[in-house]
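Read the structure below first, then the notes.
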Amino acid sequence: DHREQYGKDEWGADLFTNRYGEYFHGDYGLITIENAEAESDDVLLIVGDSFSNNMERFFASHYKKVLVYDARYAEESIENTVDMSSVDDILFMLGSTNMASDDSIDALREG
């Protein structure tokens with residue numbers, strides 16, 4: 001948590017710093033968010049990038065488990081990373097530059 005640094009205007013002069021890393025303290029190929037108190041047992045898969053970081057926890061309030069797959073950091077295709085038979089819903093939430101990138105398309109193909 002860098003609230004003190006933000007408040008003192010000391011947090012990163014570089015306008016292109018990856019601020020989204022603050023949500024999970026880094027970038028990962030797969031993040032799992034679990035909610036034992038969810039009213040459903042459903043599992044949501046979000047195929048996302050840093051664009052989705054700030055929204056993922058909102059969806060977690062409605063699902064028992066939210067899986068977030070980011071092709072930019074995943075070491076394997078989505079088929080080799082996620083058990084698709086356990087997924088009830090899929091949401092694509094990527095910035096336009098990543099949605100059509102070769103890396104994203106390759107990662108989404110069956111591995």
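The values are calculated or read from the model by the stated rules, or taken from the named source; none is laboratory data. Keep in mind it's a predicted model, so treat the numbers as computed, not measured. We place every Cβ from the backbone using ideal geometry, glycine too, and count neighbours over all the protein chains shown. Note: areas computed on protein heavy atoms with side chains; ligands, DNA, RNA excluded. Shrake-Rupley method; radii C 1.70, N 1.55, O 1.52, S 1.80 Å.
Restricting to region 52-83, name every residue that is without any contact (Cβ under 8 Å) to a residue 12 or more places away in the chain and either outside any helix (DSSP H, G or I) or among the small types (Gly, Ala, Ser) (or both).
The answer is Asp83, and nothing else.
Restricting to region 32-61, and then to whatever is open to solvent by 10 Å² or more (accessible area, probe 1.4 Å) and in contact with a Ser or Thr (Cβ under 7 Å, 6 or more places away or on another chain), can you tell me which residue is farthest from Asp102 (Cα to Cα)?
Asn35
Only one residue in Asp14, Asp42, Asp89 is modelled with pLDDT under 90 and either within 16 Å of the chain's Cα centre (by Cα) or charged (D, E, K, R) (or both). Which one?
Within the list Asp14, Asp42, Asp89, the selection yields Asp14.
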